[in-house]
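Colleague: My questions all concern the structure below.
Laboratory data are not the source of any read-out in this text; all were calculated from the coordinates shown. All figures in this text were calculated on a predicted structure; none of them were measured in a lab. Using ideal geometry, Cβ is built from the backbone for each residue, glycine included, and neighbour counts are taken over all protein chains shown.
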């Protein structure tokens, strides 16, 4: 198992199909939109592969303060997220930003393996690299569509905030606590 460094539109089609196994299409961004985010801001998605097949992926990225507050208030379905709602870390100014963990999918046959740990550690390492540039991360938020998602959030120490207006459950925690929880996995 390894992180796949360069994702293609075909990978995004496959990832969308994986999402459809777990989520209603009411909560899934079209693979074209997800690929557009990735094409513009490649850090928005990390995928793991085994023997050339995508077996899981995570979407974790900084969002604007406006979008973060909408998610935190339970008033934003990330299916409607646009590229301009994501902070481009390549041009971001020194400061503190909030992250949105919008999607975690691991193929059923790879659950219980190191796949999720590898993905989350890769993201923590990636975001730690911005500390030297004066960029820090304050909070991380999830908007859980499934009970499995809620269990994932709770396992990593997220605290439930509220039920959203689109029938999901929002969780949040400090990024440093998330980072420490990932290191303990």
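Colleague: Of the listed values (1) 16.5; (2) 19.4; (3) 21.8, grab the one calculated as Kirkwood radius over Cα pairs in Å from the structure here.
Modeller: Recomputing Kirkwood radius over Cα pairs in Å here picks out (1).
Colleague: Can I ask one more? Most exposed first by the Cβ proxy, i.e. fewest other Cβ within 10 Å, how do 76, 178 rank?
Modeller: With the sparsest Cβ surroundings first, the list reads 76, 178.
Colleague: Output the relative contact order of the range 74-184, whole-number percent, from Cα pairs under 8 angstrom with separation of 6+ residues.
Modeller: About 32 percent, as a whole number.
Colleague: Return a whole-number percent for the relative contact order of the chain, with Cα pairs under 8 Å and 6 or more residues apart as the contact set.
Modeller: Values: 297 pairs, mean separation 39.8, N = 185.
Once divided by the residue count of the chain, the mean separation gives 22 percent.
Colleague: Once the piece of chain linking residue 91 and residue 180 is laid out straight, how much longer is it, given 0.36 nm per residue of separation minus the C-alpha distance between them?
Modeller: 29.3 nm
Colleague: Distance from the Cα centre of the range 103-158 to that of the range 60-97, in angstrom?
Modeller: 16 Å
Colleague: From the square roots a ≥ b ≥ c of the eigenvalues of the alpha-carbon gyration tensor of the range 73-146, which class results: rounded (a/c under 1.5), prolate (a/b over b/c), or oblate?
Modeller: Oblate, because a/c is 1.5 or more while a/b does not exceed b/c.
Colleague: With a/c under 1.5 counting as rounded, go ahead and sort the range 99-185 into rounded, prolate or oblate using the C-alpha gyration tensor (a ≥ b ≥ c being the square roots of the eigenvalues; past the cut-off, prolate if a/b is larger than b/c, else oblate).
Modeller: oblate
Colleague: Using helices alone, I'd like the mean residue ellipticity at 222 nm for the chain: each DSSP H run of four-plus residues gives -39500 (n - 2.57), total over residue count, nearest 500.
Modeller: So the helix-based figure for the chain works out to -10000 deg cm²/dmol.
Colleague: Which order do 179, 153 fall in if you start with the one that has the fewest other Cβ atoms within 10 Å?
Modeller: With the fewest neighbours first, 179, 153 line up as 179, 153.
Colleague: By how many nm would the segment from residue 5 to residue 30 grow when fully extended, if each residue of separation counts as 0.36 nm and the alpha-carbon distance is taken off?
Modeller: Between residue 5 and residue 30, full extension yields an extra 6.9 nm.
Colleague: Residue separation times 0.36 nm, minus the C-alpha to C-alpha distance between residue 147 and residue 51: what's the value?
Modeller: 31.6 nm
Colleague: Sticking with this one: Rounded to the nearest 5, what % of the DSSP beta bridges within the range 90-169 are antiparallel ones?
Modeller: Around 25 percent of the beta bridges assigned by DSSP in the range 90-169 are antiparallel ones.
Colleague: Continuing with this model, one more query. What FRET efficiency comes out for the pair residue 84/residue 17, r = Cβ-Cβ distance, R0 = 30 Å, nearest 0.05?
Modeller: Numbers: r = 27 Å, r/R0 = 0.90.
After rounding to 0.05, the efficiency reads 0.65.
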